[in-house]
Amino acid sequence: MEYLQPDPLSEKRADLLAAIETERESVQQGGSDEELSRLKDGFNQFMDDFVLAPYGRRSDPFKRLPPELFIAIITQVTSPQYPYIDRLLELTLVSRSWQTIIVSTPSLWTDLHLDSRDTPDMDIKLHLALHLSKHSALTMHVSSLDVWKAVESLIQAHRARVTNMHINPDHRYSVIAPHRSISRMYPLFDQIGYLPGLQFIRLGISYDFGVNDAFVDALIRFVNQNPHIERLSGAPLVHKFLDHPARKILTNIDTPLDLSSVLPYIDSMPAVQSASFQDKKLLPIKAYHMKERLTPVPTGPLKWTSFISSGKLFHPLLPPISKTLVTLKLDICICDACPLLKSLSNLVVLNEVILTVQLQEDYPTDPAAAMLLQCPAQILRIQLQEQVTLAGRLSIGDIQRWYPRFVTDIFSVFSMVQKLSVYTSFRSSMGLEIIPSNELRYLKSLSFNLEPYHTTQSLQFPSTLRTLAIGINSHNLEGIHSETVEVLSLQSRSRTTPKLNLSHWPALCFLDARPGIFSVDWSNDRLHNLQKIRFYGTTISTWDYTTQFCCDLALHPEAIPCLDSLIFQHEFPELDIVFILLERYNFRKQLGSSRIRQLRLMGPSDLIAPLKKICDGKFTDRPPNHEISWVGNIDMILDASFPGCLRCHKTLSICQWQGPVTSFVSLDQLGIELPAYPNTDQDVLTEWLHRERTWQKIQEIGRPKTCGVPLHIGNLITGTFDRDVMFPKVETAYWPYRRTIYRDESYDYGILNSDPI
């Protein structure tokens, strides 16, 4: 990974900041602020002329690319997005050149998403896409019969252009009632009818949705109506479909049927590329061979690239798929592990292996397999599960007898793995023995879980490791450290003690963690490589570790001198502290220091513009600290006539809980004395601890601590310095905080990014 180089800040910039600081002190002593405003305007002009101009409109990096490559990048960026057309329209606002290329490229407008979530203006977007796509082949995504009927008249003249059809379950029922989703899908086949150019159809369902005979009959009628279909993906394989010629165009097998029912037909299914046999019975391989020894095996090679099943179904199909299989996912018993590992070396192009291993009392080894051959797979995921029987759990002593041999065999076979994931339910630290130290010489990425009974004192990582993800349920992180890891993800639902010490991770560039599970020695640590921090969480009703981190960083910016990106996902720092942090960090006088260019957080839309300017390195007018703090809005928090939970009141957000506040307790009854809000930024930071302790007591007044509903997420807004940013129109001023309005639209999910596009 390339480390971020600090901004090349000139001595002139440092001199301007020093002059601004001197003039600010003069204003605080009663002087005029005219000179201070003039100096700030001059500094902003300097930033435009000498720092930001080289990356502005005149040097759009995409202009250096051939148009074909630019279109390929846009296609790659927009294809996973929903809604697709909305994303394209946003990109046309970047610049005139972008708009010209995007609008004049028909292939970018060929994906048509017909979804009930886009009903209000779907016909307008569809008409625009049909016009701009000209005569190109179309791909249609349909999820609702009602939506299809609403736009069928628009599509009628373009039916011959439809070559790909994706039929997905209605999002309104696919999760809570999948059977209703199926019942609403099969009438869609009859309504669509004949499409003369249709070549590929994909169904976004599985047999778990409760596929019935009516659905299969409707699908078969649709295939008969469209004889030009070459490939069919996502159709659950049942007996009725096996006996139909349509099985020849199936590209995947997803079936609850036994392998013995499907094997006789496999030779007549040449288009299949992936197979998933959902057989949950984990029988030993030898017993299965005796049961299925009369089952015919495919005679020729198969083109399967993916296989999902239990281990007992894998061996009969090993020879036909040995030269094509790329992904293998198996559920196996530990007693079948050795013969399975022995056979994996025959899969010459295998890249990813996912194993769920059910542990039993013994791990039998085959003397003939003493020298296991290497498997070419570069991605390995292992989940070790203890099998609970009527006799209870396995004893640790039973597992200890064979576990070292199992680990040795794993390392012998998967010695070329670059990405490893291990999840264990062991009740002792023994489960972590599968985490390698130097056995895997090519390992670059590792993820595993830590349970409370795991000890990490002797846990070591290979020197090639660069990315590490840990699922934490443990209370001991002291033994975890690395000199080479650059990306660290700590996934935890609880705070831990003792905390992870970041000084033991000198190469760290990206930290993804929940606040409160790591520590920084702010006075002595210098994390020069740390460029990006992402915080995530669900509530701030307990101690506010997020704001505490912002306070510490604002007081000691030299501890993380090259921080470039700060992301708060479901974590809500106090906005007054965020502003002070950005101003102190981005307006440092030290040469060679960086600034926070990207900030992502939940916040009122009124604050997006001033936050963006600070991320650009410019001075700007903004609301006073007191006005955007919970202390400045304490009168509303203590007013029982205002609804809302404490979390939303503290974060200045619109609360989903609108119930009345009952049994309200006054501060006098709780013996709470409100702290006076400081006048200077330094005092706001240093006295935050006292205010937070007061807030902990205020939570007992009787107002709900949290509404239990995620904060409203509005439009995704990206601010960049090389173009004018399109912000949503705010009809009523938001500040002072919620004194006149109470609506969701005032709270947006802001992404402030001062990097060039």
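The values are calculated or read from the model by the stated rules, or taken from the named source; none is laboratory data. This structure is a prediction, so every number in the text was calculated from the model and none was measured. Every residue, glycine as well, gets a Cβ built from its backbone with ideal geometry; the counts of neighbours run over all protein chains shown. Side chains are part of the model used for accessible areas, which takes the heavy atoms of the whole protein and leaves out ligands, DNA and RNA. Shrake-Rupley method; radii C 1.70, N 1.55, O 1.52, S 1.80 Å.
For this structure, a couple of remarks:
- With respect to (1) under 27 Å from Ala469 (Cα atoms); (2) at pLDDT below 90, the lone exception for Lys612 is condition (1).
- For region 605-630, the candidate set comprises residues that are touching a Pro at 6+ places or on another chain (Cβ under 7 Å) and closer than 24 Å to His649 by Cβ; within that set, the residue that is least open to solvent (accessible area, probe 1.4 Å) is Ser605.
- Condition check for Ser653: at pLDDT below 80 and at positive phi: no
- Restricting attention to region 81-111, the residues being modelled with pLDDT under 85, closer than 18 Å to His127 by Cα and not charged (D, E, K, R) number 4.
- Tabulated pairs, region 29-54, first within 14 Å of Phe619 (Cβ to Cβ) and open to solvent by less than 30 Å² (accessible area, probe 1.4 Å), second at pLDDT 80 or above and of a type in the set (Phe, Trp, Tyr), C-beta under 8 angstrom, 6+ apart or interchain: Phe43/Phe619; Asn44/Phe619
- Any hit, region 695-717, residues being at pLDDT below 75 and open to solvent by less than 10 Å² (accessible area, probe 1.4 Å): yes
- Failed criterion for Leu330 (all others in (1) modelled with pLDDT of 85 or more; (2) in contact with a Ser or Thr (Cβ under 6 Å, 6 or more places away or on another chain); (3) closer than 22 Å to Tyr403 by Cβ; (4) open to solvent by less than 10 Å² (accessible area, probe 1.4 Å) hold): (2)
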